[in-house]
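Novice: Sending over a structure as structure tokens; questions will come in a sec.
The values are calculated or read from the model by the stated rules, or taken from the named source; none is laboratory data. None of these values were measured; they are calculated from a predicted model. For neighbour counting, all protein chains shown are included, and Cβ atoms are generated from backbone atoms with ideal geometry for every residue, glycine included.
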Amino acid sequence: MSQNAIEANATETEPQAGSSQDKDVMVKVRDLRTYYEGNGLFGGTPVKAVDGVTFDIKRGETLGLVGESGCGKSTLGRTLIQLESATGGEIRFDGTDITTLSGAELKKWRRNAQMVFQDPDSSLNDRMTIGEIVREPLDVHDWKTPRERRQHVKELLDTVGLQREHYYRYPHQFSGGQRQRIGIARTLTLEPEFIVLDEPVSALDVSVQAEVINLLEDLQEEFGLTYLFIAHDLSVVRHICDRVAVMYLGNIMEIGPTEELFTDPANPYTHSLLSAIPEPDPSAHKDRITLHGTPPSPRFPPDGCPFSTRCPARIRPPEYEDLDNDLWVQLDTLREVLRERDRAEKSVTDRIRELLGKEPRFGTIEGIYGELFDKHDVPADVQEILDETADLAREEGEIAALDRLGEEFGSVCEGYGPESDGESEDADEPVAPEYYTVSPSGRRSLCHRHNPSTNHAEPDQVLDERH
Amino acid sequence: MSMNEFDDKTLRERIAKNPQPALAWLAGALVLVVLELGRLASGIVQVGETTRFVLGGIASVPGSVEESVASTLGGIAGLVAFGLTVLVLLGIAAILVKWLLIPWTLVDRLGIEASTGVKDIVERVIVTGLLVVAAALVVLTPVGGVLEMAVSALTRGVEWVGSLPTITSRELIPNEGYQQPDGSWEGTFLGLSPAVAWALRVAVVYAYALVWLAWLWRGYETFREHYREADWTPRDDSINRFRNHYWGMFGLIVVIMFLVMALWAPAVSPATAEANLYQPYEHEFEYYGDDGVETISHGDANFDSRSQGSHTYVSVMSYDDYDRFHPFGTNTDGKDLFTFLAYGAQVSLVIGLLATVLMAVIATALALITAYYKGVADLVTIVASDSIISLPRFLLVLLLSVLFMQANHPVAEIYDGGLLLALIFAGTGWPLLWRAVRGPALQVSEQEWIDAAKSYGQSPAATMRKHMAPYIAGYMLIYASLSLGGVIIGVAALSFLGFGVQAPTPEWGRAVYEGRSHIDSPSWHIATLPGILVVLLVTGFNALGDGIRDAIDPQSEASDGAAGASGGGG
């Protein structure tokens, strides 16, 4: 694997800062945050669905947005077209910050940005005819005369590969692929410049997927559209997108040109994600990176790097560098179990049991230890800390135990400042990771390992070693 | 593919192009109208009087507000309150006027620049201003007098038309007469017996109503065949589904029978309500007694035709001692039960429909709002509806109706307390309906097409109306038709207890109440027949609701056939 990281221009928060490129940029997203408030009347901890995202979308390009379910990619798409209101940050659309628009101005702006929805069964009102559905945006914006609207809609039906007679039909008379075409026709009626495609083909048969993808590509060419393509099917993304953003837990982990990102990923999360693509050749040998546990709750994201709880290339403290890999996995599991216990109180032990794959309705610390470390050879110094932790957990609760474990086994990834660096000990503030530009094309990745001022190995090296 | 499969013309243009079928239909409709012109005109007069009464009531509001404010805060405050109330009322009127009568926006005409929200307000202010000017002209200048004269002249004209004979009038087919010793009938239609004459008149009424329905259907078919833009629209399917829905058709027939009975109550009754129910001692009729033709008042005759147990009764389909025919027998006080029921149908239907429609409107509006906005709006409605539901409904209804009636509140006087009952039933009934449709409403509000509508800037009100309401309508029809039965039964129960619609205004429940002790005697009909009618009516409304729900839901299509997307047509 080639060494690609160009670490010279590190710590850049403004991507493509050059003003010459600004003309191409259509959507500028800066530190965008979308939080969902708690259900209770008195708020509660918000769910941080999108938690500080910065990127640009250039005119006429297709930006892919990939990530696991629940990572916030749909919320990001919905915020971009103002279906959700942003909690913070800004979205500049040709210079206008649309998060500040409201009333008539917002309505006027909505013509520019439309969305194709994931589920064609749910995105069309079954009680209206196709004509009424596709014409409604025109009616809302009082576009020309009713007669011209009807004409326009019939032409659009033609454009997306349906027949004009379908104007008087009902959605339930159509197949999934045809329904998605109707949805696409509706987004096109107002002649928008920017379209968010929220998993537009994931509900369709594979054979139909290709047709719809081709239609979308044709339309992009014909009307000069800009797409944000949200998907979890990486092969589709690779096919259609010019650039890709990889999202995890409300953050963009890596963003850059598609081919480059697919062939030579920089971020550990991108590595793991790509290694999950099935290989059509059964004899091919492939090192799959298995991520342990589940993504943390976006209501309580971890300190430091969002991926730190599951990262296969996490920076380990130098004093434990020689510890066995399997033991690290067990230590990570222990911390996750403790976190779950802390959060779940006494009620939801199911998830813990699931983690352990074991019976105990409510695992004691001893039970957990036995489960995790019995089969492993635990060095004496580690065992000492584990015992201390167990005492803390029993006496002072999970938080104290977690703190102890973090002090000992944590690193900059989990927000613990490097100890050598005495002055930056800002005790309470966890260290957040930063974006580093990792290739000449301006690809950015969120990982401490790219930091040129420290001498951590690059993620791909570490992954080669550890897996 | 041709560019013009559907020629985009307005209906007027299409009719102008081929006027013959439309004119033929219109001629038929005119004939039908002329046949019943008199009754139509009296109906219009009645509606006009009601409107005048309501308007008068509203117009008196500012005055009463002024009075009450002036008595506490002084004359100037009273004047200010008067002005404010007038403005508020005219503002409400302005919204209606704008909505009903002014299809274009004055703001655009006048070229006023403002954002959309402000525009709406400016628009309303302008219309209100115009209304203020109009109201001032009417009140302060001779224009008001002229207007008054014009209205009264118009009323007189319509009243004269109302006096014209109609095909279903009692005068044309009289059924009241007496039998001479030789067996022949005097005073009835063509010397037929009163029973036959009455049956004939009822038959004419129903025939006329059916011809109207058939003609309307024919009009729709003419429109479909000659003037409609598309050869096929989804409504055709809805109608076909309904036509094959036998349960729904049964409901429709029952409901139509009742509607006709209520609308033509004066024609289908063997005696008029005035003579038989309200002022029996002031109306006299002739009969052939021991000394030849004698005259007696209805009240005196009623005394001898009472149905009370097995000693004295006039049973179903029989004559009393004075040669009056009683198709459903007589009441405990000797009044004709059929007349009582026909006029009672009016009362029941008006109260039932009014209460149900009000209830359904409130419940639907709240369901849409709470499902769309969720959160606090939902919570407040839940608390309000739970508070109402937690009270025993019938006791609440009883309490409120007694309270208003004892206090002689003006509302209690309209329609002999009918309006009050409708309001009370609507006010206590909406939480149940709202609860019933809240689930479906929330479900619809989660659909992506709601998001889609938001994404292209559709307004919340239009989103609720177009994208949510149709999905609730089906449920609402079912639940509303169920509660319509409930209201009718409730009103009957109130009358049964003596608190509902007051005598002498006929109400089915009171007939059941009066006849309940004679149910095991030859006078069984007094309680039984109205009871059966209530059951039939309630069942009919439920069946109709079922049918309509199935008809408007395109997915309920039983015969999933050729209508695939690949087929031709259009």
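Novice: Scanning for something in the same structural domain as A:GLU68 (by the TED database) and surrounded by fewer than 16 Cβ atoms within 10 Å (Cβ to Cβ), does the range A:259-273 turn up at least one residue?
Specialist: yes
Novice: Which of the residues that make up the range B:287-303 are part of a strand (DSSP E or B) and either β-branched (Val, Ile, Thr) or more than 15 Å from B:TYR319 (Cα to Cα) (or both)?
Specialist: B:GLY292, B:VAL293, B:GLU294, B:THR295, B:ILE296, B:SER297
Novice: Hey, another quick one. Tell me, please, whether a residue that is part of a helix (DSSP H, G or I), over 15 Å from A:VAL116 (Cβ atoms) and aromatic (Phe, Trp, Tyr) can be found in the range A:169-182.
Specialist: Checking the range A:169-182: not a single residue is part of a helix (DSSP H, G or I), over 15 Å from A:VAL116 (Cβ atoms) and aromatic (Phe, Trp, Tyr).
Novice: Related question: What is the residue count in the range B:374-401 for residues that are loosely packed, with under 13 Cβ neighbours inside 10 Å and assigned to a helix (DSSP H, G or I)?
Specialist: Number of matching residues: 8.
Novice: Right, another one. Of all residues being β-branched (Val, Ile, Thr) and under 22 Å from the mean Cα position of the chain (by Cα) in the range B:402-423, which is surrounded by the fewest Cβ atoms within 10 Å (Cβ to Cβ)? Just the residue, please.
Specialist: Ranking the qualifying residues of the range B:402-423, first place goes to B:VAL411.
Novice: A further question on this structure: Sort through B:ALA412, B:ALA473, B:ALA452 and tell me the only one that's in contact with a Ser or Thr (Cβ under 9 Å, 6 or more places away or on another chain) and modelled with pLDDT of 90 or more.
Specialist: So the residue among B:ALA412, B:ALA473, B:ALA452 that is in contact with a Ser or Thr (Cβ under 9 Å, 6 or more places away or on another chain) and modelled with pLDDT of 90 or more is B:ALA452.
Novice: Pull up the range B:233-253, narrow it to residues that are among the aromatic types (Phe, Trp, Tyr) and surrounded by 15 or more Cβ atoms within 10 Å (Cβ to Cβ), then point me to the one that is nearest to B:ASN18 (Cα to Cα).
Specialist: Only one residue tops the list, namely B:PHE242.
Novice: Then there is this: Please go through the range A:146-163 and pick out each residue that is facing chain B (nearest Cβ under 9 Å) and hydrophobic (A, V, I, L, M, F, W, C).
Specialist: A:LEU162
Residues are listed down the side, and each one gets a yes or a no for (1) in contact with a helix residue (DSSP H, G or I) (Cβ under 6 Å, 6 or more places away or on another chain); (2) at pLDDT below 80; (3) surrounded by fewer than 17 Cβ atoms within 10 Å (Cβ to Cβ):
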site: B:LEU494; (1), (2), (3): no, no, no
site: B:PRO506; (1), (2), (3): yes, no, no
site: B:GLY531; (1), (2), (3): yes, no, no
site: B:GLY540; (1), (2), (3): yes, no, no
site: B:LEU544; (1), (2), (3): yes, no, no
site: B:ALA551; (1), (2), (3): yes, no, no
site: B:SER566; (1), (2), (3): no, yes, yes
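Novice: Looking at (1) crowded, with 19+ Cβ neighbours inside 10 Å; (2) touching a strand residue (DSSP E or B) at 6+ places or on another chain (Cβ under 7 Å); (3) away from every other protein chain (no Cβ under 11 Å), which one does A:VAL212 not meet, given that it meets all the others?
Specialist: Of everything listed in (1) crowded, with 19+ Cβ neighbours inside 10 Å; (2) touching a strand residue (DSSP E or B) at 6+ places or on another chain (Cβ under 7 Å); (3) away from every other protein chain (no Cβ under 11 Å), A:VAL212 misses just condition (2).
Novice: Got a sec? Which of B:THR312, B:THR295, B:THR330 is over 30 Å from B:ALA480 (Cα atoms), at pLDDT 85 or above and more than 33 Å from the chain's Cα centre (by Cα)?
Specialist: After ruling out the rest, the residue left standing is B:THR295.
Novice: Can you tell me which residue within the range A:113-145, out of those that are more than 8 Å from chain B (Cβ to nearest Cβ) and surrounded by fewer than 18 Cβ atoms within 10 Å (Cβ to Cβ), is farthest from the chain's Cα centre (by Cα)?
Specialist: A:THR145
Novice: Given the condition small (Gly, Ala, Ser), over 24 Å from A:ARG288 (Cα atoms) and touching a Phe, Trp or Tyr at 6+ places or on another chain (Cβ under 8 Å), answer yes or no: does some residue in the range A:181-189 qualify?
Specialist: yes
Novice: Out of the residues in the range B:415-473 that are charged (D, E, K, R) and assigned to a helix (DSSP H, G or I), which is nearest to the other protein chains (Cβ to nearest Cβ)?
Specialist: B:GLU448
Novice: Here is a further query. Condition check: within 13 Å of B:PRO522 (Cα to Cα) and touching a residue at least 60 places away in the same chain (Cβ under 8 Å). Does B:SER307 satisfy that?
Specialist: When the stated conditions are applied, B:SER307 passes them.
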